[in-house]
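The values are calculated or read from the model by the stated rules, or taken from the named source; none is laboratory data. Computed from a predicted model, the values in this text were never measured in an experiment. For neighbour counting, all protein chains shown are included, and Cβ atoms are generated from backbone atoms with ideal geometry for every residue, glycine included.
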Amino acid sequence: MQNPNGQSKIYQGPKAWADFCDLQSKRNHRIFLLTDTNTHRDCLPLLAPHLHADAHYTMPAGEAHKTLATCAQVWQALTDARFERGDLLLNLGGGVVCDLGGFVASTFKRGISFVHMPTTLLAMADAAIGGKTGIDLGGYKNQVGSFAQPTAVVVNTAFLQTLPQREARSGYAEVLKHHLIHDRNGWAAAVASPTLSTDWDAAIARAIATKLHFTEADPLEKSIRKALNFGHTVGHALESHFLAQRPADPLLHGEAVAAGMWCEAWLSLQRSGISPAAFAEIATLLTQIYPKAPFLADEIDAIAAWCQQDKKNSAGQIRACLLDGIGGYAIDQALTLPEIVGSLHHYHEDYP
Ligand SMILES: NC(=O)c1ccc[n+]([C@@H]2O[C@H](COP(=O)([O-])OP(=O)(O)OC[C@H]3O[C@@H](n4cnc5c(N)ncnc54)[C@H](O)[C@@H]3O)[C@@H](O)[C@H]2O)c1
């Protein structure tokens with residue numbers, strides 16, 4: 001699958017993955033490998049027999065480390081290893097390693113090439129595709145980042161064998177989001193079978209096709225790419241709130257997005273973007289898969305306040321993507337803080 005903007009080549013499947021490793025071994029650039037502690041332990045043993053890395057850095061695992069401090073460590077390690085503009089950074093990990101590694105590469109010596117080798121469902125189906133890089137700042141999600149395309153994204157679902165079930169369920173939220181905004185048939189299939197798929201290759205291929213539909217048409221998120229943010233206005237607020245208030249037990253990204261999709265589907269219902277029956281279908285599927293996000297009613301104002309720094313905001317207004325039917329979307333919807341608070345109260349009261 002070649003991205004028509006000519007920047008990212010997507011390799012999917014074990015054969016394509018092996019071909020990529022073989023090709024890299026014949027190139028004369030050096031490879032710097034970025035892993036986190038878990039992908040070092042669980043994923044590097046699959047890769048190491050096929051690909052030699054000239055230098056390697058392992059960052060601590062988790063969203064709490066998607067920070068400038070970690071970037072500084074990786075930039076320093078690249079410098080110590082004397083990496084040059086023509087060399088390559090290979091990100092072996094989930095969305096955190098891909099987002100941070102992409103940002104490090106896009107800024108080191110004003111930009112070196114990078115490749116994503118995603119190891120979570122979330123990164124294979126979403127984060128590794130489309131060329132958004134970034135880190136969190138002051139608790140705000142992806143506050144600093146760049147648009148930079150990896151040279152290649154190399155997907156091999158063999159890595160998912162060691163992924164904890166909770167992480168797979170988290171990643172599935174982005175698959176469901178893709179269905180809700182663009183793929184009615186995918187959504188209908190998910191409703192008919194409300195369990196996590198085991199045929200990940202097919203589900204990931206479908207999710208990648210949806211993501212490319214938006215990112216190729218609008219790489220810099222000026223228009224339709226904003227649809228991919230459905231569930232993320234409230235979702236990012238919840239994720240930031242839990243990271244700040246309960247760092248030992250944060251909500252995973254996809255868990256926060258699942259709760260955010262419930263709230264934003266409810267807001268879509270208030271604006272007649274979706275029917276009561278469509279809302280009921282969305283709410284039922286989400287409740288079948290995701291446990292309730294465990295916040296208290298008196299935390300809701302603080303959660304909603306995080307939305308005021310959301311990157312999609314414009315002219316001081318909170319802007320979100322809502323649904324316009326299942327498989328349809330309405331971008332740039334202005335939302336007030338009381339509306340967001342209302343959606344969180346309904347979630348808190350109605351979500352079983
Ligand atoms: N750039 C984008 O377009 C985009 C899109 C969606 C999400 N994101 C970002 O992605 C991040 C979430 O990604 P994630 O859910 O992959 O989180 P993650 O990278 O933190 O990975 C989840 C956990 O699984 C572990 N892990 C990864 N692969 C493993 C494997 N194969 N076996 C065992 N353990 C493994 C990791 O060490 C981590 O503990 C968030 O920061 C989010 O903002 C970015």
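Against the list (1) within 20 Å of Gly62 (Cα to Cα); (2) surrounded by fewer than 19 Cβ atoms within 10 Å (Cβ to Cβ); (3) not acidic (Asp, Glu), the condition Phe159 fails is (2). Among the residues of the stretch 178-208, the ones that are of a type outside the set (Val, Ile, Thr) and in contact (Cβ under 8 Å) with a residue 40 or more places away in the chain come to 15 in all.
Might you let me know whether the stretch 140-151 holds any residue that is hydrophobic (A, V, I, L, M, F, W, C), surrounded by fewer than 24 Cβ atoms within 10 Å (Cβ to Cβ), part of a loop (DSSP other than H, G, I, E, B) and in contact (Cβ under 8 Å) with a residue 40 or more places away in the chain? Taking every residue of the stretch 140-151 in turn, at least one turns out to be hydrophobic (A, V, I, L, M, F, W, C), surrounded by fewer than 24 Cβ atoms within 10 Å (Cβ to Cβ), part of a loop (DSSP other than H, G, I, E, B) and in contact (Cβ under 8 Å) with a residue 40 or more places away in the chain. Taking helices (runs of 4 or more DSSP H) as the structural unit, those lying wholly within the stretch 225-335 and holding at least 2 residues that are modelled with pLDDT of 95 or more and charged (D, E, K, R) correspond to 253-270.
Table: residues versus (1) over 19 Å from Leu238 (Cα atoms); (2) without any contact (Cβ under 8 Å) to a residue 60 or more places away in the chain; (3) polar (S, T, N, Q).
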position	(1), (2), (3)
Trp266	no, no, no
Gln270	yes, no, yes
Ala280	yes, yes, no
Leu285	yes, no, no
Tyr290	no, no, no
Ala293	no, yes, no
Asp298	no, yes, no
Ala304	no, no, no
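For the stretch 220-242, the set of residues classified as within 10 Å of the ligand (Cβ to nearest atom) and of a type in the set (A, V, I, L, M, F, W, C) consists of Leu228 only. Across the stretch 98-137, what is the total count of residues that are aliphatic (A, V, I, L, M), more than 24 Å from Ser25 (Cβ to Cβ) and near the ligand (Cβ under 10 Å from one of its atoms)? Within the stretch 98-137, residues that are aliphatic (A, V, I, L, M), more than 24 Å from Ser25 (Cβ to Cβ) and near the ligand (Cβ under 10 Å from one of its atoms) number 7. Taken residue by residue, the stretch 189-205 has no member that is assigned to a helix (DSSP H, G or I) and polar (S, T, N, Q).
Residues in the stretch 49-97 that are within 14 Å of the ligand (Cβ to nearest atom) and assigned to a loop (DSSP other than H, G, I, E, B) were compared, and the one that is surrounded by the most Cβ atoms within 10 Å (Cβ to Cβ) is Gly94.
Residues of the stretch 28-48 that are without any contact (Cβ under 8 Å) to a residue 12 or more places away in the chain and more than 9 Å from the ligand (Cβ to nearest atom): Asn28, Pro45, Ala48. The one condition from (1) touching a residue at least 12 places away in the same chain (Cβ under 8 Å); (2) within 16 Å of the ligand (Cβ to nearest atom) that Asp249 does not meet is (1).
Tell me, please, whether a residue that is within 27 Å of Ala64 (Cβ to Cβ) and out of contact with any helix residue (DSSP H, G or I) (no Cβ under 7 Å at 6 or more places or on another chain) can be found in the stretch 200-221. The answer is yes; a qualifying residue exists. Return yes or no: is Ala105 over 30 Å from Pro250 (Cα atoms) and among the aliphatic types (A, V, I, L, M)? Considered against the rule, which asks whether it is over 30 Å from Pro250 (Cα atoms) and among the aliphatic types (A, V, I, L, M), Ala105 comes out as no.
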